[in-house]
Amino acid sequence: MSSEIAPESAPEHPNAGDTAAVQPLAAGASAEHPLSAGASTEHPLDGAYVALARPRAGWAFLGSEIAVLFRRRRTWVMLIALAAIPVLIAVAVRISSAGSTPGRGPAFLGQITNNGLFVGLVALIICIPLFLPLTIGVVAGDTIAGEASSSTLRYLLVAPVGRARLLLVKFVAAAAFCVAATLVIIVAGALIGAALFPIGSVTLLSGDTVSLGEAGVRALLIAAYVTLSLLGLTAIGMFISTLTDIPVGAMAATVVVSIISQVLDSLPQLDWLHPWLFTHYWLDFADLLRQPIDWSSFGSNALLQLAYVAVFGALAFGRFSTKDILS
Amino acid sequence: MTAGAGAELAIETHGLTKTFGKQTAVNGIDLAVPRGSVFGFLGPNGSGKTTTIRVLLGLASATSGEVSVLGQPLPGRLASVLPRVGALIEGPGFYPFLSGQANLRRLDSADRYVSSSTRHARVDAALERVGLSHAAGKKVKAYSLGMKQRLGIANALLTPRDLIVLDEPTNGLDPQGTREVRNLVRSLTAEGTTVFVSSHLLAEIEQICTHAAVMRAGNLVAQGSLDDLRRAGQARVRVLTPDDLAAEQVLRRLGLVPEHPDARGDGHADVTVSAPITDDLAPDTVVSALVAAGVRVRGFEVERATLEDLFVALTGEGFDVVQ
């Protein structure tokens, strides 16, 4: 231990001494006791454990959190399910020889036979109201409640991770899942679209035609828009997750909140409320398909989502920082 | 170092109280855990041990009272105290889908005071120390209860600590594992670490502890060095003799109160006569008085109170959990 964090080490403790920055963990101390069975001499440490005087930035824990999230089978199943949706759409359009009736089905559905790039876009539109909130609900609802239910929360806090830092890392990891979920739909859509349909330059809503490369950039912009759209819900889910030790409850509640918000958004009587609903701009990314790009909906959406992140992030911290961890 | 009395204590609480609604889990306890000690924290199930530990580790906040750990007040200095504390709290908690090694690496990465360049080596050393090297790569869901318990102890040993808190460390361990935990605690003490062990199993505590405290229904009913605690208990003399009636007479003359014997002697077979004895009366006085009175003393011992006697005396017999 360094002198800064162990100022009062009493002299009778040889290893915890105030100047003993280098402590032999393996070679010295544990050699004689039976649990280590004499193997400690081969150990790479060679008495080189150095406690740090000042805390590190702690990127390792963020890395660990993201790795744990994406190593879970559950995460993979959700991503594969999301990838299956564009595949389903493309195959359905391909095998139905009748072609599509204009005005029926989701927007851009009719364009798929002309240009396979639209598969991803159609899939996103289908996924946004339910499938994406479902997966975000699972990830965000699990953040704190999941750690509580597996008893790992108390060990993380005692490590110590710091409660504010844990929330921040959890939010960033959940946001990384939002990115992955959106990209999976777009990329899977582009791949299956290219496989089953002709692809080429894209005619935008404004009538301009852009090259394949430019169309790819627009697709990524849309992915960024949808990811941003999901951050408000992620923050809500994380807040709900701090209220309970039962992850399934937090997950379900998060999904229900997103559905309620969409229902409210569809009631014309609540017009005044609509701009304040986090789902309000969810489908308004068509402006990114104009030339020049109209950024107004992107900006309003970003502002609204940031406000939700700030409010529910603060609520989550307020709740979590004073919570007694009894799980 | 000429620090005050406070610095000599690894854990110190004054009037620590924790209530949940109307129920008082911990009722104004004054803990004093000396540095370098192995401190046994005893009490029946539900007596407030784990709640106290949660407050000491900053997982729960005290309703009232002062807490300081390693000389630093809590919860104010929690962030600088916890890196120096290793803990096993109410059973291990791990991600079942990760290996034991991956679990420890993750928990270690949460501590910002340790170097990530030594992480792999430290995790392997900790696994080795609890005898889990062979199962390091196995997923935790395939671990037995005892292996999980060992992994939990390994987590407390990831870096050298000034204080290690072990809540019921031998739960789920076989006798061999229990012995290993005892050896481990001894080796930790040799390194100068203060070990705070909570348990309801007295035998294991009695073997390794230098100090102990006893909880009952949220109250601290006894605390001190093991010798002090034993002294507080009642010692008794036991005389093995065929002349039980004569022996009892001698004991009464010395001011002792012989207990009702299990069996009466017939003048040939040996029976045991016993009586509580205080420190005022030297045992040799008793023996010489017995011999002078013609009692055939075939065995004599002064039996010190065991911790178990004291524990039962303090917390009551039986399985009733005090509300």
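Worth pointing out:
- For the set A:TYR308, B:TYR143, solvent exposure ranked by accessible area (probe 1.4 Å, protein chains only) runs largest to smallest as A:TYR308, B:TYR143.
- Residues whose amide H falls under 5 Å from that of B:PHE41, counting only those 5 or more places apart or on a different chain, are B:VAL197, B:SER198, B:SER199, B:ALA213, with hydrogens built in the peptide plane.
- Solvent exposure of the protein assembly as shown amounts to 42 Å² per residue of accessible area, where only protein heavy atoms count and the probe is 1.4 Å.
- Solvent-accessible area buried by A and B, counting both chains, probe 1.4 angstrom, square angstrom: 5500 Å²
- Pairs of Cα atoms in region A:83-225 fall into 5 Å distance bins, from 0 up to the last occupied one, in shares of 2, 9, 16, 18, 14, 11, 8, 7, 6, 5, 3, 1, 0 percent.
- Estimated dipole of the protein assembly as shown in Debye, rounded to 20 [Cβ of Lys and Arg +1, of Asp and Glu -1, Cα centre]: 2040 debye
- Rg/Rh, computed from the Cα trace of region A:59-321 with Rh as the Kirkwood radius, has the value 1.00.
- Exposure ranking of B:GLU66, B:GLU248 by accessible area [1.4 Å probe, largest first]: B:GLU66, B:GLU248
- Stokes-Einstein diffusion coefficient of region B:5-231, Kirkwood radius over Cα pairs, 37 °C, 0.692 mPa s, in µm²/s: 184 µm²/s
- The ellipsoid equivalent to the alpha-carbon distribution of region B:246-322 has semi-axes of 29, 16, 10 angstrom, derived from the gyration tensor eigenvalues as √(5λ) and listed largest first.
- Paired Rg and Dmax values of the protein assembly as shown, which use every Cα atom, in angstrom: 33.6, 124
- Share of carbon and sulfur in the accessible heavy-atom surface of the protein assembly as shown [1.4 Å probe, %]: 60 percent
- Burial of 50 Å² or greater, region B:43-64 residues [accessible area, probe 1.4 Å, versus chain by itself]: B:ARG54, B:LEU59
- For region A:233-283 and region A:151-204, distance of Cα centres in Å: 19 Å
- For the listed residue pairs A:LYS170/B:LYS138; B:LYS18/B:LYS139; B:LYS22/B:LYS141; B:LYS22/B:LYS139, the alpha carbons are over 32 angstrom apart in B:LYS18/B:LYS139; B:LYS22/B:LYS141; B:LYS22/B:LYS139.
- Dipole orientation for region B:158-232: of the candidates B:SER198, B:VAL214, B:GLY172, B:VAL214 has the Cα lying most toward the positive pole (charges on Cβ; Lys, Arg +1; Asp, Glu -1).
- By the Kirkwood approach, averaging reciprocal distances over each pair of separate Cα atoms, region B:112-202 gets a hydrodynamic radius of 13.8 Å.
The values are calculated or read from the model by the stated rules, or taken from the named source; none is laboratory data. Values in this document were obtained by computation on a predicted structure and should not be read as measured data. Cβ coordinates were reconstructed from backbone atoms using ideal geometry, including for glycine residues, and neighbour counts include every protein chain displayed. All accessible areas refer to the heavy atoms of the entire protein, side chains included, with ligands and DNA or RNA removed. Shrake-Rupley method; radii C 1.70, N 1.55, O 1.52, S 1.80 Å.
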